Each structure stands twice: as structure tokens, then as C-alpha cells.
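Here's the structure, in C-alpha cells; my notes come after.
The values are calculated or read from the model by the stated rules, or taken from the named source; none is laboratory data. Since we're looking at a predicted model, the values are computed, not measured. A quick note on method: Cβ atoms are made from the backbone with ideal geometry, for glycine too, and the neighbour counts reach across all protein chains shown. SASA here: full protein model, heavy atoms, side chains in, ligands and nucleic acids out. Shrake-Rupley method; radii C 1.70, N 1.55, O 1.52, S 1.80 Å.
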2 protein chains.
Amino acid sequence: MGKQSKHKSALQNKEGVDAPDTISKTAASHLKEQRKKSIDINTLIAAVLEGNKVALSRAITIIESMASKHQEQAKQLIKGCLPKANQSIRIGITGVPGVGKSTFIESFGTLLIKRGKKVAVLAVDPSSTLSKGSILGDKTRMESLVKEENAFIRPSASGDSLGGVARKTREAIILCEAAGFDTILIETVGVGQSETAVHSMTDFFLLLKLAGAGDELQGIKRGIMEMADAIVINKADGENLKAAKIAKTEFNRALHLYPPKDGGWVPKTLLCSAIQNEGIDKIQELISDFIAEGTTKGNFQKKRNDQNKFWLLQTIENRLKSDFFSSEVIQKELKIQVAKIESQETTPFEAAETILELR
Amino acid sequence: MGKQSKHKSALQNKEGVDAPDTISKTAASHLKEQRKKSIDINTLIAAVLEGNKVALSRAITIIESMASKHQEQAKQLIKGCLPKANQSIRIGITGVPGVGKSTFIESFGTLLIKRGKKVAVLAVDPSSTLSKGSILGDKTRMESLVKEENAFIRPSASGDSLGGVARKTREAIILCEAAGFDTILIETVGVGQSETAVHSMTDFFLLLKLAGAGDELQGIKRGIMEMADAIVINKADGENLKAAKIAKTEFNRALHLYPPKDGGWVPKTLLCSAIQNEGIDKIQELISDFIAEGTTKGNFQKKRNDQNKFWLLQTIENRLKSDFFSSEVIQKELKIQVAKIESQETTPFEAAETILELR
């Protein structure tokens with residue numbers, strides 16, 4: 001999306017009125033610059049609200065920017081987009097590498113668009129700074145979806161912390177919603193902590209799996225099974241079909257051993273072949289049922305409210321921790337106390353008190 | 001245990017030397033009191049280290065006390081006992097009410113004692129302040145175990161927070177270990193957050209279940225299945241036996257769908273009938289295998305070190321949070337910001353910043 005400045009878009013800067021002669025050249029240029037910026041953001045918000053994808057992309061770039069000069073703009077963007085946000089279905093999609101997430105999203109997204117939806121695809125992948133973008137980074141993936149007028153695909157936000165990446169993704173969701181996208185797909189790799197973050201920002205959480213429940217489980221983090229609202233066994237075609245059917249029975253049996261989810265939803269297992277576009281419609285129907293049930297029972301909005309409170313408290317707690325532990329004095333004492341605990345000279349509780357006294 | 005002062009124990013106070021006449025009556029009595037207390041604690045430590053159960057009970061009472069005068073004594077107690085602690089196997093036992101935890105512990109504990117072990121039974125039940133001690137509170141339970149010389153049974157610590165209860169239990173473990181108890185059983189009800197705390201202070205975590213995996217699952221918290229090192233299906237006797245065997249197959253199948261635990265341990269499902277003392281020996285053998293494997297691979301001590309670090313950081317984080325949120329100004333702003341989030345006027349992240357600025 002780096003070439004957007006070449007496009008003729010709704011983002012043309014309005015020409016400012018010339019500065020009066022009495023003001024110095026520098027001050028005039030400074031003022032002009034200031035005004036230009038503030039016009040930019042308001043124009044940008046207007047363009048996002050009109051559903052302009054180039055504007056949306058530029059807005060997300062500002063939100064993702066680490067530069068301090070963009071932070072005030074980012075706040076304005078969010079403020080301007082918030083009233084139009086929240087009107088969408090947010091679906092989290094996870095699974096280990098190789099399970100076929102991109103192909104699934106391509107197939108699923110295309111189906112949704114055929115049914116009149118506007119689909120935005122985001123990704124949370126805190127590891128992408130190291131792996132140079134392992135998911136959604138390769139633009140040749142999702143070849144047909146990317147060409148759709150009603151699709152918007154955005155590679156994963158990078159950042160130095162999961163908290164930072166999660167915040168950027170949450171804010172990107174707001175912008176996409178404000179731009180009229182009514183279905184937000186958020187892709188994540190089920191190997192780190194990112195899927196917990198994605199689970200906490202989506203209405204429906206879908207776990208993609210393969211048949212042959214052995215080796216492919218190695219990579220998936222404990223607890224993900226329990227987060228899933230549905231397990232979809234992909235590549236259920238050809239010679240795989242039999243194994244996939246057996247796996248479906250096993251997963252369904254396993255899911256019944258779990259306690260039911262809030263609101264009584266019992267997670268389901270479905271089969272699909274994303275590459276052959278088979279079973280995708282059933283998944284869409286399942287999600288529709290889930291949303292309809294949640295809306296009727298009031299769980300849908302309750303879950304979003306809970307998620308908002310979670311992120312509020314989480315952000316505060318993370319800041320309290322990072323501020324505390326960033327002190328060198330604390331770090332030094334922490335090492336001393338850990339050594340003392342290991343040599344049985346103190347308990348974790350006594351050690352904590354000693355460290356806290358240094359505040 | 002409230003009647004211990006009537007017992008003739010190792011805790012007789014040594015008579016102090018009479019105060020010289022030159023010191024006022026009050027000061028003398030104060031000094032005497034001070035000396036008596038410090039003698040008490042050292043004598044108490046010595047008695048605990050000798051394995052005196054009355055002393056152990058009194059020591060735990062001091063640790064559990066909310067009174068500020070006991071806090072310095074509690075620290076001395078821990079300091080004195082720590083070098084002798086850590087030489088035990090800590091086993092967490094959870095399951096919903098009605099699953100037969102007391103009967104299981106009675107049967108399992110008695111077996112361990114027959115095999116030469118010294119068994120201490122503790123309980124974590126933060127709800128007990130409300131329910132007036134729902135577990136271990138009734139002393140008529142575990143009737144035969146309580147009579148054993150090598151058993152020590154302690155009702156659950158009460159407290160106003162799980163953190164407080166967890167700390168007291170962790171410290172009680174240290175005292176029990178110092179008193180020579182080599183197997184510590186920690187009972188908890190699998191309905192709240194307490195089992196996460198117990199999981200984080202034990203070497204082996206055992207989930208008790210009943211056959212007929214339907215209704216009894218309602219009460220158990222999500223995630224507990226994944227914490228278990230073993231699932232034991234109790235009441236596998238008489239007409240229940242067939243259902244128990246089916247349940248065993250189902251749980252084993254489900255457990256294989258989980259990723260393996262650190263160190264490669266694959267959780268097992270076993271059957272038992274605690275009331276008929278059947279299958280209990282197999283459970284003991286399984287735990288022995290687990291410990292042997294963990295000790296050989298080095299996982300055993302690694303897990304304890306990780307747990308210590310967890311409690312250290314957890315204690316610090318909880319204090320940072322409680323100090324922050326105890327402020328009235330913060331509480332007031334929190335309410336305002338939550339309302340603003342719900343009416344779409346702000347995001348959780350912006351709200352968090354506003355609240356954090358009030359520090």
C-alpha cells in the first residue's frame with residue numbers, strides 16, 4: 001500500500017489562503033503546515049467514512065506509526081471514526097502454519113462478498129517483525145479476494161510488544177468498521193500468545209485444524225481448543241476425507257467434555273476444503289446462527305462490553321508493570337531476590353515485599 | 001485445634017530471669033513479654049522441626065493470622081523453617097462438590113501412610129469465609145486419616161482474597177515440609193480461581209471426575225482439564241463401573257487431543273473407587289512415575305523454580321494493581337471512562353491513558 005500517494009483520491013489537500021506579508025516566511029510555512037495537517041486528518045476521516053480504501057489504508061498506517069508526531073493524529077482519527085464503528089461481526093481465525101489459513105480466508109471471504117458483505121482482513125502476528133511478516137505479508141496470497149471491490153486486506157501490524165500490536169489491531173478494527181466493512185476477519189498464528197489477544201477482540205473464534213490429530217497438535221498452544229467457538233477441519237478432500245471425518249467425531253466428542261460457553265453455546269466441529277470451496281457455506285451459516293443466538297440472548301453485546309473492560313484493565317495493568325519493572329534499581333533487586341529464593345533463603349512473598357519497598 | 005493450649009507440649013515457656021529492681025514494673029513486664037515472645041517463636045520453630053503436630057498447628061495459626069502483631073512472628077517462623085522445607089511431593093486435588101474428594105483423600109492418604117509416608121492435607125477454598133468452610137471444615141470427615149500419627153489435616157485458610165489465601169497456603173506448605181511431612185495434599189473445589197492457584201503451587205495436579213460426562217461438567221471451570229496431570233474417575237464401582245470405563249476411554253481420547261505438557265508428560269485417566277479403596281494404588285504408582293520422570297529430566301525442580309518466579313511476580317503485580325485501584329480518584333475516573341467506552345465516546349486504550357494520568 002506504499003504507493004497510495006500516487007493515486008488520485010479524496011485526500012487532495014485543500015490549498016490554504018496565502019499568509020499575510022507581515023508574518024515571517026518561517027512562521028507562515030509553519031502555520032500552513034499545521035493547518036494542512038489538521039485539514040488532512042479531517043479529510044482523511046471523511047474519506048474513511050465514505051469507504052475509501054486508500055484513505056482507510058493511510059489511516060491505519062498513521063495508527064500503526066511509532067512516530068510521536070502521528071500520535072495526536074491517530075487519536076483524532078479514532079475519535080472521528082468511533083461513532084460509526086461497532087457495527088460488524090468480528091471473526092478470529094487461528095491455526096498452525098500449513099493448516100491453510102490464507103486459502104480458507106480467500107474462500108470464506110469470497111463467499112461472504114458474494115452474499116453482500118464487505119470484508120476486511122487483518123492479522124495479528126507479533127512475530128512478524130522477526131519473520132518479516134509470515135502471515136498476510138505475501139501479497140500474492142488471497143489473489144482473488146484482493147481484487148474484490150468489497151474486500152480490504154491489510155498485512156499484520158508490527159510492533160515490539162503483543163500489547164502494542166493488539167492495540168493497533170483493535171484500532172484498525174474501528175477504522176475498518178467506520179469505513180463500512182461489516183465483517184472483520186482477524187488472522188493469527190496459533191503458536192504464541194497472540195491468539196488470546198485475538199480471542200479477546202472477536203465475537204467468534206474459529207480454530208482451523210487438519211485431520212490426523214497427532215503431529216499437527218505439537219505446535220498449538222494449550223488452551224486454544226477451549227477458546228474455539230468452532231473447530232474447522234480443513235483439507236477434508238480426496239484421500240484426506242476419511243481421516244477428516246474420524247477427526248470430526250473425535251473433536252466433537254472432546255468438545256462435549258468441555259463445560260459449555262457463556263450463554264450456552266456448544267462449540268461445533270465442521271469439515272471443509274478451502275481449496276475446493278467445499279463446506280464454506282456451512283461455516284458461514286454456523287457463524288450466522290451463533291450471532292443470531294447471541295443477539296437474541298444479549299450475549300453478543302455483553303461479550304463486547306466485557307472485552308472492552310478487559311482491554312481497559314489490561315492496558316492499565318501492563319503500564320503499571322512496565323513502569324515499575326523498567327527501573328534499574330528494581331531490576332537489580334529482582335535478580336538478587338530470585339537468587340535468594342532459589343537458594344531457599346527467602347520466599348517469593350517476602351522477596352516481593354523487599355522489591356516493592358524500593359518504589 | 002483451638003484447644004491446643006491445654007495440651008502439655010514442647011511449647012512450655014521457659015521462665016525468664018527476674019527483672020532487676022531498678023527497672024519499673026511496666027518496663028520489666030514489657031521486656032519480659034518481648035523476651036517470652038521471641039523465646040516462643042524459637043521454641044516453636046524447634047518444635048515444628050521436630051515434627052510436633054501441635055506446634056505445627058500453632059505455627060500455621062500464626063501465619064494465617066491477620067493481626068499485625070503476628071506478622072513479624074510469621075516471618076521468623078518461615079525464616080526458621082525454610083532451610084528444612086522443599087523436600088516433599090506436593091499434590092493438588094480438585095473436583096466439583098460431590099465427586100468424593102474427602103473420601104478420596106482419606107483412602108489415598110491412608111495408603112501413603114501405610115507405605116511409610118508422612119501426609120499433610122491442606123485446603124484452598126477462598127469461598128469458605130462465606131460458606132463457613134465448605135471443604136475440610138467438617139472434622140468428622142476423613143475419620144480414619146485424622147487418627148493416624150503420620151497424618152496432619154488442616155482446614156482451609158480463610159481470607160479476603162485468593163492472593164492472601166494462596167500465600168498462607170504456600171507458607172503452610174513450608175511449615176508442613178519443615179515438620180517432616182513428605183507428601184502434601186492440597187484440596188480445592190474446581191469451581192473458582194483457586195484451582196489455578198493450587199496448580200501453581202503443586203508438582204502434580206489431579207482432577208477427580210465422575211462417570212456420565214454431562215451434568216457434572218457444568219460446575220467445573222474451563223481450563224481445568226488442561227491443567228490436569230491425571231484425571232481420576234471416582235465411584236467406579238457397582239453399576240457405575242461400565243459408565244466409568246466408557247468415560248475413561250473418552251477422557252483418554254480427549255487428553256490426546258491436547259498438546260503434551262512441559263517435559264513430554266501425557267496426562268492419564270485412571271479409575272478408582274475411593275470408598276472401596278480400589279484403584280488407589282495405581283494412582284500412587286502413576287504419581288511416583290511422574291515424579292521419577294520429572295526428577296530424571298530435571299523438570300521437577302524447573303517447575304518449582306518457575307512456580308516461585310510466578311508467585312514473586314504475581315505478588316508484585318497484585319500489589320501494584322491494588323495500590324493503584326484503591327485510590328478513590330482512580331475509582332471515580334474508572335467509572336466515568338467505562339461509561340464513555342460503552343457509549344462509544346472513547347476506546348479502552350484512550351480511557352486507560354486518561355486514568356493513568358491521575359497517578
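Being within 30 Å of B:Lys282 (Cα to Cα), at pLDDT 80 or above and open to solvent by less than 20 Å² (accessible area, probe 1.4 Å) is a condition met by at least one residue of the range B:76-85. Candidates are the residues of the range B:349-359 that are modelled with pLDDT under 95 and open to solvent by less than 60 Å² (accessible area, probe 1.4 Å); the one that is farthest from A:Lys303 (Cα to Cα) is B:Glu353. Could you please let me know if A:Val266 is β-branched (Val, Ile, Thr), within 30 Å of B:Ala228 (Cβ to Cβ) and surrounded by fewer than 15 Cβ atoms within 10 Å (Cβ to Cβ)? Answer is yes for this residue. Of all residues in the range B:329-344, which are open to solvent by 30 Å² or more (accessible area, probe 1.4 Å) and either more than 7 Å from chain A (Cβ to nearest Cβ) or out of contact with any helix residue (DSSP H, G or I) (no Cβ under 9 Å at 6 or more places or on another chain) (or both)? Hits for the range B:329-344 are B:Val329, B:Gln331, B:Lys332, B:Glu333, B:Lys335, B:Ile336, B:Ala339, B:Lys340, B:Ser343. Filtering B:Ile174, B:Ile89 for residues that are modelled with pLDDT of 95 or more and either surrounded by 23 or more Cβ atoms within 10 Å (Cβ to Cβ) or within 14 Å of another protein chain (Cβ to nearest Cβ) (or both) leaves a single hit, B:Ile174.
Scanning the range A:294-317 for residues that are at the interface with another protein chain (Cβ under 9 Å from one of its Cβ atoms) and either surrounded by 14 or more Cβ atoms within 10 Å (Cβ to Cβ) or of a type in the set (A, V, I, L, M, F, W, C) (or both) yields A:Gln307, A:Asn308, A:Lys309, A:Phe310, A:Trp311, A:Leu312, A:Leu313, A:Gln314, A:Thr315, A:Ile316, A:Glu317. Hey, among the residues in the range A:250-263 that are of a type outside the set (A, V, I, L, M) and without any contact (Cβ under 8 Å) to a residue 12 or more places away in the chain, which one's farthest from A:Phe204 (Cα to Cα)? Per the stated criteria, the residue is A:Arg253.
Report, ordered by the first and then the second residue, all pairs with beta carbons closer than 8 Å, sequence separation of six or more or different chains, a first member in the range A:94-119 that is in contact (Cβ under 8 Å) with a residue 40 or more places away in the chain and assigned by TED's automatic domain parsing to the domain that holds A:Leu207, and a second member that is of a type in the set (Phe, Trp, Tyr) and in a loop (DSSP other than H, G, I, E, B). From residues that are in contact (Cβ under 8 Å) with a residue 40 or more places away in the chain and assigned by TED's automatic domain parsing to the domain that holds A:Leu207, the pairs are A:Lys118/A:Phe181; A:Val119/A:Phe181. When the residues of the range B:177-203 are filtered to those that are within 14 Å of another protein chain (Cβ to nearest Cβ) and under 23 Å from A:Glu345 (Cα atoms), the one that is modelled with the lowest pLDDT is B:Ala197.
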